[in-house]
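A.B. asks: Got a structure here, written out as structure tokens. Questions coming.
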Amino acid sequence: MSRFPGLPENTNLSDVFKSFPGGAAPLLEFHDIVLRKPSPLSVAQRELIAALVSGLNDCRFCFGAHSIIAESFGINPELFGQLLSDIDSAEIDADFKPLLAYVKKLTQNPSRVSDQDAQQVFDAGWSEQALHDAITVCALFNFMNRMVEGHGVVTNDAIQNAQRGRALKNSDQAELATSYRDYGRMIGVYPGEPGEDNLPG
């Protein structure tokens, strides 16, 4: 039985978007802006942040999906468990750890994020744009985790296999890949043809 009587059993995110399409198109467009447009953070790093936030929120659907996408862009799959356990000891570049620690604190204790936390990010060599972009990914996935969990979206092997297929298809595209809007076109909630990029800037 689904959480919403009008949604199918084993509800997928596409079911939510198709049943409640208002806002779906701009939300998917925002995903492409946040996760695919040029940034000091690579696509892999942004997808890693998306997975980390989702793991911290125990959102299995988003954690599974964005772990798969991050892996398709070259992230070691063993890294996700390491980061969720202890960022400091994770096998990742030292300069990335303050940025991930900022995102973790912003997810778990947002009112306790401090100027010192930001300064540690800057001291590691990151720009204000990089920190802004990390914050935006963090904010987006705190939002998406609650959308997914609130609607009772589930994941399973078949769903993750489909996600893996889409991730492998998109990972060989340029940084301007339009995978989120193409997903919207595939399920009928975003206009246009696959591969079109009509985003500003």
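A.B. asks: Which of the residues belonging to the range 5-53 are in contact with a Gly (Cβ under 7 Å, 6 or more places away or on another chain), of a type outside the set (S, T, Y) and within 26 Å of D157 (Cβ to Cβ)?
C.D. replies: Residues satisfying the conditions are K18, A24, L28, A44.
A.B. asks: Show the residue pairs meeting these rules: Cβ distance below 6 Å; 6+ apart or different chains; first residue within the range 4-16 and surrounded by 10 or more Cβ atoms within 10 Å (Cβ to Cβ); second residue among the acidic types (D, E) and modelled with pLDDT of 95 or more.
C.D. replies: Matching pairs, first to second residue: L7/D15; P8/D15.
A.B. asks: For residues that are closer than 19 Å to R3 by Cβ, modelled with pLDDT of 95 or more and part of a helix (DSSP H, G or I), tally how many sit in the range 13-43.
C.D. replies: Number satisfying all stated conditions: 6.
A.B. asks: Could you please find all residues in the range 127-165 being of a type in the set (S, T, N, Q) and in contact with a Leu (Cβ under 8 Å, 6 or more places away or on another chain)? First the steps, then the outcome.
C.D. replies: Of the residues in the range 127-165, the ones of a type in the set (S, T, N, Q) are 127, 129, 136, 142, 145, 155-156, 160-161, 163.
If the condition is that a residue be of a type in the set (S, T, N, Q) and in contact with a Leu (Cβ under 8 Å, 6 or more places away or on another chain), then no residue fits.
A.B. asks: Pairs please, first residue from the range 21-39 and over 16 Å from H151 (Cβ atoms) and of a type in the set (F, W, Y), second anywhere and surrounded by fewer than 16 Cβ atoms within 10 Å (Cβ to Cβ) and modelled with pLDDT under 95, Cβ atoms under 8 Å, 6+ apart in sequence or on different chains.
C.D. replies: Close Cβ pairs (under 8 Å, with a partner that is surrounded by fewer than 16 Cβ atoms within 10 Å (Cβ to Cβ) and modelled with pLDDT under 95) do not exist here.
A.B. asks: What is the one condition in (1) surrounded by fewer than 21 Cβ atoms within 10 Å (Cβ to Cβ); (2) closer than 22 Å to I187 by Cα; (3) modelled with pLDDT under 95 that F73 does not satisfy?
C.D. replies: Status for F73: all satisfied but (2).
A.B. asks: Still on this structure: Is it fair to say A118 is farther than 16 Å from R46 by Cα, out of contact with any Asp or Glu (no Cβ under 7 Å at 6 or more places or on another chain), exposed (fewer than 12 other Cβ atoms within 10 Å of the Cβ) and of a type in the set (A, V, I, L, M)?
C.D. replies: no
A.B. asks: Tell me which of these D95 doesn't satisfy, since it passes every other one: (1) surrounded by 11 or more Cβ atoms within 10 Å (Cβ to Cβ); (2) free of Cβ contacts under 8 Å to residues at least 24 places away in the same chain; (3) over 18 Å from the mean Cα position of the chain (by Cα).
C.D. replies: Every listed condition holds for D95 apart from (2).
A.B. asks: Still on this model: Please tell me if F63 is closer than 28 Å to V154 by Cβ, among the aromatic types (F, W, Y) and assigned to a helix (DSSP H, G or I). Show your work before the answer.
C.D. replies: Values: closer than 28 Å to V154 by Cβ: yes; among the aromatic types (F, W, Y): yes; assigned to a helix (DSSP H, G or I): yes.
It is true that F63 is closer than 28 Å to V154 by Cβ, among the aromatic types (F, W, Y) and assigned to a helix (DSSP H, G or I).
A.B. asks: Residues to consider are R3, R46; find the one that is under 10 Å from the mean Cα position of the chain (by Cα) and either within 18 Å of S179 (Cβ to Cβ) or at pLDDT below 95 (or both). Let's see the steps before the verdict.
C.D. replies: Numbers: R3 fails: under 10 Å from the mean Cα position of the chain (by Cα).
Only one candidate passes the filter, namely R46.
A.B. asks: Among the listed residues V148, V113, identify the single one that is under 15 Å from the mean Cα position of the chain (by Cα) and at pLDDT 95 or above.
C.D. replies: On the way: V113 fails: under 15 Å from the mean Cα position of the chain (by Cα).
Answer to the check: V148.
A.B. asks: Can you tell me which residues in the range 160-190 are buried (at least 20 other Cβ atoms within 10 Å of the Cβ), at pLDDT below 70 and part of a helix (DSSP H, G or I)?
C.D. replies: Q163, A167, listed by residue number.
The values are calculated or read from the model by the stated rules, or taken from the named source; none is laboratory data. Just so it is clear, the model here is predicted, and its values are computed rather than measured. No Cβ is skipped: glycine too gets one built from the backbone with ideal geometry, and neighbour counts run over all protein chains shown.
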